[in-house]
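Q: Before anything else, here's the structure in question.
Values in this text are rule-based calculations from the coordinates and carry no lab data. Nothing here was measured: the structure is a model prediction, and the numbers come from that model. Cβ placement follows ideal geometry from the backbone for every residue including glycine, while neighbour counts extend to all protein chains displayed.
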Amino acid sequence: MEPHILILGAPGAGKGTQSDNIVEEFGVEHVTTGDALRANKEMDISHLGLEYDTPGEYMDRGELVPDEVVNEIVDTALDEADGFVLDGYPRNLDQAETLSEMTDLDVVLYLDVDEEELVERLTGRRLDPETGDIYHVEFNMPDDEEVRQRLVQREDDTEETVRERIRVYQENTEPVIEFYEEEGDLIRIDGEQTPDEVWDDVKSAIEENA
Ligand code: AP5
């Protein structure tokens, strides 16, 4: 059976960057609530009687999309995957408990990065809309001029929304880190190293624990 990997970390810690490496090296599926929700930003959820009628209205404010929407997405995706790297979920303790009822985990990784570094990374992040590849205006730009020209910025990567996402993370998701730490499962990785150095640590952790 392919490994079940969970990758945790604040917004901008490098979860997407390292998940791409994990997918390539270990052949697992990338299950990411952020991408799934971005693909369904305009989905009508008005029948749920929640504060807003679409996921996008939560996301553009940096708030969490309600659990009933997100749990369903993850449950379906994990059911269809053999091995996976789960990125962006769980983001609060209720989601962590729901996840433990859905599946077992072989490896729980936590990318540890300081807050000011997170802001710099997110406001400088650029995406290739054709391939989904992640770049950064200072740390990592593509060599190909054609690719450079078509890069876009994510709508929630403005400084104001980034600060709110980090606040929401501290309030809701830091307890999730403690939850896995208390269970003795958490592997802490220094996420402030270069992307290649972080990858060396991530790869070794998976090889030793999966
Ligand atoms: P989501 O898409 O999950 O965003 P996030 O958690 O805020 O994480 P990011 O994708 O922004 O960061 P990342 O850690 O993947 O960093 P990356 O590798 O790109 O969620 C978005 C929204 O969806 C949420 O706000 C919420 O509304 C909703 N949502 C999602 N899941 C939910 C859930 N479970 N429940 C409720 N709501 C949910 O790297 C960042 C940048 O840094 C890049 O430019 C990269 O090139 C650069 N970089 C990466 N590593 C390094 C390094 N080592 N050194 C220097 N630069 C680096």
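Q: Within segment 1-67, which GluC sites (Glu not before Pro) sit in a loop by DSSP and count at most 14 neighbouring Cβ atoms inside 10 Å? Walk me through the numbers on the way to the answer.
A: Details: sites: Glu24, Glu25, Glu29, Glu42, Glu51, Glu57, Glu63; in loops: Glu42, Glu51, Glu63.
Filter output for segment 1-67: Glu42, Glu51.
Q: By the gyration tensor of its Cα atoms, with a ≥ b ≥ c the square roots of the eigenvalues, what is the shape of segment 1-120: rounded for a/c under 1.5, prolate for a/b over b/c, or oblate?
A: Details: a/c = 1.83, a/b = 1.26, b/c = 1.46.
Verdict is oblate for segment 1-120.
Q: Rounded, prolate or oblate: which fits the chain when a ≥ b ≥ c are the square roots of the eigenvalues of the alpha-carbon gyration tensor, with rounded for a/c under 1.5 and prolate only if a/b beats b/c?
A: Values: a/c = 1.38, a/b = 1.02, b/c = 1.35.
Since a/c stays below 1.5, the shape of the chain is classed as rounded.
Q: What distance in nm separates the two pseudo spin-label positions at Phe139 and Glu68, each 7 Å out from Cα along the beta-carbon direction?
A: Each label point is offset 7 Å from its Cα along the Cβ direction, giving 3.8 nm.
Q: Can you tell me how much longer the chain between Gln153 and Asn209 gets when fully stretched, taken as 0.36 nm per residue apart minus their C-alpha distance, in nm with one decimal?
A: Working: separation 56, 0.36 × 56 = 20.16 nm, distance 3.55 nm.
Going from the current span to full extension adds 16.6 nm.
Q: If the elastic network links every pair of Cα atoms under 10 Å, which of Ile22, Ile45, Ile187 fluctuates the most in the Gaussian network model of the chain?
A: Its mean-square fluctuation being the largest, the pick is Ile45.
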